[in-house]
Amino acid sequence: MGARIEALLGRAQARAREGAYGYNGSLLPAEAWAVLEARAHARLVDIRSREEWALVGRVPGAFEIEFRRFPDWAPVPDFLAQVEARLRHDELVLLLGRGTGDAAEAARLLSARGYRHVYTVLEGFEGEANAAGQRVVNGWRAAGLPWYQV
């Protein structure tokens, strides 16, 4: 199990090097789930808005910390303070957004703040839209990973 997870993290880090991301790496949703299951110190942080959690779905066990607020999508001023109140700098942090953009921005912020193991979840919770505009192409939910809707 350990070698498999190290290989996944190695691929994620290679993606980051290729893209000069400014944080440790990016995992596909299934890879992120494998890391979460295997590493007790791994933490999933869902950075979507409260409205997205309520209307689109939630991930069981995820830390829910808004990065942007609906309706204007302005940055949440105390995002970093909220993260620092809940997570240690040495924990493995996986950031999940709607797509990949906000997670990448949040990952750069956390890395600059001294978090040493920061990864994004590629494709996000909802993933990309199909030709009809439905977000069912890929992402956490489309991968069949744990989620629920209240």
Exercise. For the residues 70, 125, what sequence is obtained by ranking on other C-beta atoms within 10 Å, fewest first?
Worked result: 70, 125
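Tell me whether segment 30-115 comes out rounded, prolate or oblate; compute the Cα gyration tensor, take square roots of the eigenvalues as a ≥ b ≥ c, and use a/c under 1.5 as the rounded threshold.
Oblate.
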Seminar exercise, completed: For segment 86-150, listing trypsin sites (Lys or Arg not before Pro) in a DSSP loop whose Cβ sees at most 14 other Cβ atoms within 10 Å gives 88, 113, 116
Seminar exercise, completed: Per the charge dipole of segment 2-121 (beta-carbon charges, Lys/Arg positive, Asp/Glu negative, Cα centre), the residue among 110, 27, 81 reaching farthest to the positive end is 27
Problem set entry | Sequence-distant residues sharing a close amide H with residue 136 (under 5 Å, placed H) | 130
Exercise. So for the chain, Kirkwood radius off the Cα pairs, Stokes-Einstein at 25 °C and 0.890 mPa s: how many µm² s⁻¹?
Worked result: 160 µm²/s
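Based only on other Cβ atoms within 10 Å, what is the fewest-to-most ordering of 55, 94, 28? Don't skip to the answer; put the middle values down first.
Values: 55 11, 94 28, 28 19.
Fewest-to-most Cβ neighbours within 10 Å comes out as 55, 28, 94.
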Seminar exercise, completed: In a Gaussian network model of the chain with springs linking alpha carbons closer than 10 Å, the residue among 99, 22, 139 that fluctuates most is 22
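Counting DSSP beta bridges with both partners in segment 1-146, what percentage is antiparallel, nearest 5? Before the final figure, lay out the partial values.
Numbers: 2 of 16 bridges.
Of those bridges, close to 10 percent are antiparallel.
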Exercise. Of 110, 9, 80, how do they rank once you tally other Cβ atoms within 10 Å and put the fewest first?
Worked result: 80, 9, 110
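All of the numbers you see were taken from the coordinates with simple rules; none came from a lab. If you're wondering where the values come from, they're calculated on a predicted model, not measured in any experiment. Glycine gets a Cβ as well: all are built from the backbone with ideal geometry, and neighbour counts include every protein chain shown.
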